[in-house]
Every structure is written in structure tokens, then in C-alpha cells.
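Okay, structure first, notes after.
The values are calculated or read from the model by the stated rules, or taken from the named source; none is laboratory data. Given the structure is predicted, the values throughout are model-derived calculations rather than measurements. Cβ: placed from backbone, ideal geometry, glycine included. Neighbour counts: every protein chain shown. Heavy atoms of the whole protein, side chains included, go into the accessibility calculation; ligands, DNA and RNA do not. Shrake-Rupley method; radii C 1.70, N 1.55, O 1.52, S 1.80 Å.
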Amino acid sequence: MLSYRHAFHAGNFADVLKHIVLIQILQYLGKKDKPFCCIDTHAGPGDYALNSDYALKNREFENGIARLWQRDDLPECVADYVAIIKRFNSSERLNRYPGSPLITKQFLRNKDRLVLYELHSTEIDLLSAAVKKDRRITVCHADGLKDAISLLPPHERRGLVLIDPSYEIKSDYEQVVETLVKMHKRFATGTYALWYPVIDRSRNQKLERALQTSGIKNIQLFELGIQADSDEHGMTASGMIIVNPPWTLAAQMQTVLPWLVEQLRDDGTGFYRIQTLVDET
């Protein structure tokens, strides 16, 4: 876990889906005047240079944000996302990619809060520098899966928990479910956004079954695949599992995901999934 660097993957197809969904949830939370709290359990450094050695090693952003950058025919949700990324680039050239912390910061009002967790000893310094001294933001050098539970329920009684581990350790698949159950017991009305990769489909199936039998209600899944499932090494798809999603999100994804498949798939075998894992009642 401590060796993982998201800079290799910044702006790839998985980030596109993750951040589109994140933005839609944040926009929804901001529609009410009441304050909200966001918790990011795996914040990373917060900001990425796409001309860095990390990003250029595999150039994963070229099959993600770069394919959308100059388009003028984007669906509304995708246009919202690209507009946010453009705030971090001073010209028409795509040089920077904001991580979830900086994206979330764009939606914070004076009364809202953001709590960021990062365990990596190098990333934590980069994260602190990226968010600067913002009184609305707290940066914690700690394990977000373990320590964030104590923050719930937030005193705002409204909010989002983004859970985005690397899954480099196989036990992450079990730990995220255990953590979600504990968090939900403390803050049942909160929205939870769990990102996952598809590398070995059997692990994802176990994850989904565990959530379906967890006792948590109102769980939706949104998945984007750029290749068919494969036994070869590498991520072929990724998704977001949302507990207590905005009521508008499923309809938005019905438009967004088919469009993204057409734009980002590798070889004609791309696909998407929209599934209710557990009903609301």
C-alpha cells in the first residue's frame, strides 16, 4: 500500500468515471443550503503533472481525459467534469490533472468541510501543499479506512465519504466492505462512494455479494469497461458503488456511460454496467 503512486494513472479512464460521479454527488449536496462534510479516505497528493515522468511512463491519461479535452459535443455531466479540469490548466494545453481533493475543494462553500486522509510518507507532504492553508480542509497523515470511522456521524449530519484504495493488497476487497458496514451503522443517511478496479472479476463478484448481504440498503453500481474481462495483467474496467446515491444519478449515468464506452474503449469490446445491488427499501 505504501508503494502505490496514483501519478502513474492520473487522468485515465477510471479517473474519468470516478470524478464524473464525484462531481455529480457534490453538485447535489450543494443544492441544499445546509452544510456538508466530505471525507476522502485515500486522498493521494491531490495534484498531478501530466508532463511528469510518472504520468508519461504509461501515458494512461491519453485514454482518458485527453480524449475528451477538445470535444464540443460532451454530454452535460461530462462537460461539467471537463470544465473543472480546465480550471487547472492555464491554456488549451492539458498539463495538470486535479485529484479528488482539489476537485472536491471546488464545491466547498464557506460552511462545508473536507477531511483528507493519506498514509504515504511522500504523498502527504504533496497533499498538504496542494490544498494550501484552507480552514475548511483538514489533512490527516493516517489510514483513512481505520481512522475516518471515528469522524462519523459528522456534526453537519450531511455528507459524502469517498473510499478509493489502491487494491494492491487483496485484503482491501474485504476491508472496504467491513469499513462501509461500520461507517453506515454510525451514519446511515450519508452518501458513500466506493471506487473499484476490475483486474480479476471473481474478486469483484465477491465484493458485490458481500455488499448485497451486508444489510445496507440503497446501493447502486456504475461500471465502465474499455476491454473485455481478461486473465492477463492489468485493469480492463473500473466502477463506482454508491450507497444512498442522489436520486438523479442513475438517469445521468444512463446517458453518460454508453457515450463514454464509445469514446474510450480500446478495441470495440468496451461495455458498461448500471445495476441496483440493493433496493432502497
message: Can you compute the modelled spin-label distance between ALA251 and THR138, with each label point 7 Å from Cα toward Cβ, in nm?
response: 3.7
message: Please compute the length gained on full extension between ASN110 and LEU56, using 0.36 nm multiplied by the number of residues separating them and subtracting their Cα-Cα distance.
response: 15.8 nm
query: Given [x] 20.3, 70; [y] 24.5, 85; [z] 17.5, 49, which label gives Rg and Dmax of the Cα atoms in Å as computed from the coordinates?
result: [z]
field: Apportionment of accessible area to carbon and sulfur, segment 40-185, percent (1.4 Å)
entry: 47
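What 222 nm value per residue comes from the helices of the chain, counting each DSSP H run with n ≥ 4 as -39,500 (n - 2.57) and dividing by all residues, nearest 500 deg cm²/dmol?
-10500 deg cm²/dmol
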- prompt: Can you list the GluC sites (Glu not before Pro) in segment 188-263 that are in a DSSP coil and have 16 or fewer other beta carbons within 10 angstrom?
  reply: GLU232
- request: Pop the C-beta distance of TRP259 and LYS206 into the FRET formula with R0 = 35 Å and round what comes out to the nearest 0.05.
  value: 0.70
statement: trypsin sites (Lys or Arg not before Pro) in segment 13-69 lying in a DSSP loop, each with at most 10 other Cβ atoms within 10 Å of its Cβ, come to LYS31, LYS32
- prompt: What's the FRET efficiency of SER90 with LYS170 using the Cβ-Cβ distance as r and R₀ = 35 Å, to the nearest 0.05?
  reply: 0.25
- prompt: Taking the Cα-to-Cβ direction at LYS217 and at ALA83 and moving 7 Å from each Cα, how far apart do the two end points lie in nm?
  reply: 3.5
Residues of the chain: accessible area per residue with a 1.4 Å probe, Å²: 45
query: For segment 222-231, in order, what is each residue's ³J(HN,Hα) by Karplus, 6.51 cos²θ - 1.76 cosθ + 1.60 with θ = phi - 60°, in whole Hz (x at glycine and Pro)?
result: 10, 10, 10, x, 9, 9, 5, 3, 9, 7
- prompt: Per the 1.4 Å probe, what fraction of the accessible area of segment 235-281, in percent, lies on carbon and sulfur atoms?
  reply: 46
Positive-end residue, the chain charge dipole about Cα centroid, Cβ charges, pick of THR236, TRP247, THR189: THR189
message: Over 20 Å between Cα atoms: which of LYS170/LYS206; LYS34/LYS86; LYS18/LYS105; LYS31/LYS86; LYS32/LYS111 fall into that group?
response: LYS34/LYS86; LYS31/LYS86
- line: On the formula 1/(1 + (r/R0)^6), with r taken between the Cβ atoms of GLU232 and GLU178 and R0 of 25 Å, the FRET efficiency rounded to 0.05 is 0.25
- prompt: Straight-line reach from LYS132: which aspartates and glutamates have Cα under 17 Å away, leaving out those fewer than 8 places along the same chain?
  reply: ASP40, ASP47, ASP112, GLU118, GLU123
